[in-house]
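The structure appears right after this line, and notes come after that.
Please treat every number below as a calculation from the coordinates, not as lab data. Bear in mind the structure is a predicted one, so any value in this text is a computation, not a measurement. Note that each Cβ is placed from the backbone with ideal geometry, even for glycine, and that neighbours are counted across all protein chains shown.
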Amino acid sequence: MQTCPRCDQTKRQNKAGKTQSGSQRYRCMHCGCKYTPERKQHGYSDDVRKQALQLYVDGMNLRRIGRHLGIHHRTVSLWVKASAASLPEVPVPKEVKTAEMDELFTFIGNKKTGSTSSRS
């Protein structure tokens, strides 16, 4: 038997439809309160979120994580952004004393195009 959360009555509790998620709603005939005793959880569990974030940190891309866990890749993207926003700021050093470079070549400047047409 259901108990009204407002008046704690167990008698005269009638069914009053269902919520969008499919949970049964009840109405207390004593005080008129409508309530849902056992709400269904929306969204994904914390374990799934942690697993998605761990896969992202390990280098897996968003779409592959989505396919692997059976969730949409945009959902994973939102979780990553929310997690990144909650991280503390990384302190930037004021002065760099030693820098290590590798043999990577980088083009600096404007990209040269093959044909440039100038109109007068």
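Of note:
- Any hit, the stretch 37-58, residues being touching a helix residue (DSSP H, G or I) at 6+ places or on another chain (Cβ under 6 Å) and either of a type in the set (D, E, K, R) or in a loop (DSSP other than H, G, I, E, B) (or both): yes
- Within the stretch 9-25, considering residues that are assigned to a loop (DSSP other than H, G, I, E, B) and within 37 Å of the chain's Cα centre (by Cα), the one nearest to E38 (Cα to Cα): S23
- Restricting attention to the stretch 4-31, the residues that are free of Cβ contacts under 8 Å to residues at least 24 places away in the same chain and more than 27 Å from G43 (Cα to Cα) add up to 8.
- Test: residue in the stretch 34-51 that is touching a residue at least 24 places away in the same chain (Cβ under 8 Å), surrounded by 12 or more Cβ atoms within 10 Å (Cβ to Cβ), under 30 Å from P5 (Cα atoms) and touching a strand residue (DSSP E or B) at 6+ places or on another chain (Cβ under 8 Å): yes
- Total residues in the stretch 59-72 satisfying the condition of being outside any loop (DSSP other than H, G, I, E, B) and either in contact with a strand residue (DSSP E or B) (Cβ under 9 Å, 6 or more places away or on another chain) or buried (at least 16 other Cβ atoms within 10 Å of the Cβ) (or both): the figure is 4.
- Summed over the stretch 7-50, residues that are within 30 Å of K81 (Cα to Cα) and of a type in the set (D, E) total 2.
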